[in-house]
Structures are given as C-alpha cells and as structure tokens.
Amino acid sequence: MNNRALKTIGLYPGSFDPITNGHLDIIQRASRIVDHLIVGVAENKKKAYFFSMNERKELIQDSISNNKEVSNNVNVEAFDGLLMSYAEKIKAKVIIRGLRAISDFDYEFQMTGMNARLNSNIETIFLMASEKHQFISSRFVKEICALNGEIKTFVPKEVEKALKKKLQKK
Ligand code: ADP
C-alpha cells in the first residue's frame, strides 16, 4: 500500500459565496480530523454566484493563510458536476458538511442519502456549527453588508473588504 492510500482525504464541499467565519471554523476543525482536507468550491451552472469562482477560491485561500488556527494540510480546489464523482476522483474517504439549525437538516439528510446510494464507501460526516457561528450564513452576510450593516464578526477581514468593494461597484 502506498503512502497516499493510507491517508484519509476529506472533502469539504460548498458554494462559499463568500466564505464566512462559520465555514472557517469547520475547515479548522475538519483539518484536525483528516490527514488532508480539500475545500471543494462548487461551480453549479444553474446557480448565480455573487463572487466568481476565482474570487471565491482566492478569498478562502487568503482566509486560511492568514489564520494561524488552520493547519497546512488544507487545499482549495474548484469542481463542477457530480459531487460524488469529484470525491471519487480525489480519493476522498469522507465528505464533511457543517450543520447549523434544524433548517439545514432536511436538505443535508436527503443529499447524504442520495450520495450514499451513489457510493456507499464514502461517508458523509457532520460537524455541528459552533455556538458562536450558528446563525452565520453567506446569504445574510451579503444582505447585511448591502444594507450597510456591520459584518466584522461574521467574516474574515479579507471577505469584509472584498464585499464592500464589490457592493460599491454594483
Ligand atoms: P452549499 O451551497 O453547498 O450549501 P454553503 O457554502 O452554503 O454551500 O455551505 C457549505 C457547507 O458549510 C454546508 O454544509 C453548510 O451547512 C455549512 N455551513 C455554512 N455556514 C455555516 C456555519 N455558519 N457554521 C457551520 N457550517 C456552516
């Protein structure tokens, strides 16, 4: 068995439009569980994103690099198409998702069930959102910022800057 086969690769997929402190907390905690964590930034043709793929990837990369709590076993990659196909391609053993309130449960439950049918060798594991980050969502952060509200406590400083800049241009 080679070294790579022995390593547990975890995939944390999402839109990250943009990354929030809630996402960052999950990245930090997941990176301690697996040997190698890939943050998979999804490009879904049917979705209209606020930030481009490059911007979303760059904001995650910068937020990770500037955060001492996140270990250096994390990579950020773009993917499109079926999540399970991508997970197989990168040899992920586990898919990691964050779980906030009950509202996340229904969707995550269905998705996990479907994914398990596609490949039952890849487990999905859930990390409960930290108490501090329970209510943070990318959507509300964008809405609050657009209405000139304070978002400092919700997102890394790179994201705050990028959001303000982008909203000024729009
Ligand atoms: P998606 O479009 O796949 O739901 P998101 O970027 O909204 O992408 O979320 C990616 C993952 O991160 C999901 O599992 C989501 O539940 C989780 N997540 C989002 N916000 C938080 C948060 N504040 N705390 C913990 N997990 C979160």
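The values are calculated or read from the model by the stated rules, or taken from the named source; none is laboratory data. Since the structure is predicted, the reported quantities are computational estimates derived from the model, not experimental observations. We place every Cβ from the backbone using ideal geometry, glycine too, and count neighbours over all the protein chains shown. These area figures cover heavy atoms from the full protein model, side chains too; ligands, DNA and RNA do not enter into them. Shrake-Rupley method; radii C 1.70, N 1.55, O 1.52, S 1.80 Å.
Starting from the Cα of residue 33, step 7 Å along the direction of its Cβ; do the same at residue 110; then give the gap between the two resulting points in nm.
With each label placed 7 Å out from Cα toward Cβ, I get 2.4 nm.
How much net charge surrounds residue 34 when only other residues with a Cβ under 10 Å from its Cβ are counted (Lys, Arg +1; Asp, Glu -1)?
Result for the neighbourhood of residue 34: +2.
Find, to one decimal place in angstroms, the Kirkwood hydrodynamic radius of the stretch 67-170, where the mean of 1/r is taken over every pair of different Cα atoms and then inverted.
When all Cα pairs of the stretch 67-170 are included, the Kirkwood radius is 16.4 Å.
Return the long-range amide H neighbours of residue 76 (sequence gap of 5 or more, or a different chain), with a cut-off of under 5 Å between placed amide H atoms.
Under 5 Å from the amide H of residue 76 lie the amide H atoms of 39, each far enough along the sequence or on another chain.
Calculate one ³J(HN,Hα) per residue across the stretch 58-63 by plugging θ = phi - 60° into the Karplus curve 6.51 cos²θ - 1.76 cosθ + 1.60, and present them in order as whole Hz with x for glycine and proline.
Each residue of the stretch 58-63 in turn: 5, 5, 5, 4, 5, 5 Hz.
Which residues among the stretch 40-63 fall inside the zone where the amide N is under 15 Å from a point 7 Å beyond the Cα of residue 77, along Cα→Cβ?
Counting backbone N atoms under 15 Å from the label point, the list is 40-43.
Could you look at the stretch 1-108 and say what percent of its accessible area is carbon and sulfur, using a 1.4 Å probe and all protein chains?
So the carbon and sulfur contribution to the accessible surface is 49 percent.
Using only helices, what value at 222 nm comes out for the chain when you add -39,500 (n - 2.57) per DSSP H run of length 4 or more and divide by the total residues, to the nearest 500 deg cm²/dmol?
When only DSSP H runs of four or more count, the value is -13500 deg cm²/dmol.
Can you give the direction-averaged projected area of the convex hull of the alpha-carbon atoms in the stretch 101-142, in nm²?
3.7
Under a Cβ-only charge scheme (Lys and Arg +1, Asp and Glu -1), can you give me the dipole magnitude of the chain about the Cα centre, in debye to the nearest 20?
Dipole size: approximately 360 debye.
Compute the signed sum of charges (Lys and Arg +1, Asp and Glu -1) over the other residues within less than 14 Å, Cβ to Cβ, of residue 149.
Local charge sum for residue 149: +1.
Could you give the distance between the Cα centres of the stretch 17-55 and the stretch 60-126, to the whole Å?
Taking the Cα centre of the stretch 60-126 as reference, the centre of the stretch 17-55 is 9 Å away.
Using only alpha carbon pairs under 8 Å that are at least six residues apart, calculate the relative contact order of the stretch 42-170 and give it in whole percent.
For the stretch 42-170, the relative contact order is 23 percent.
Just for the Cα atoms in the stretch 47-109, what are the lengths along the principal axes, largest first, rounded to whole Å?
Here the spans come out as 34, 30, 28 Å, largest first.
Tell me the per residue accessible area of the chain using a 1.4 Å probe; a whole number in Å² is fine.
Heavy-atom SASA per residue in the chain reads 61 Å².
Based on the Cα atoms of the stretch 1-141, what semi-axes does the equivalent ellipsoid have, where each is the square root of 5 times one gyration tensor eigenvalue, given in whole Å with the largest first?
21, 18, 16
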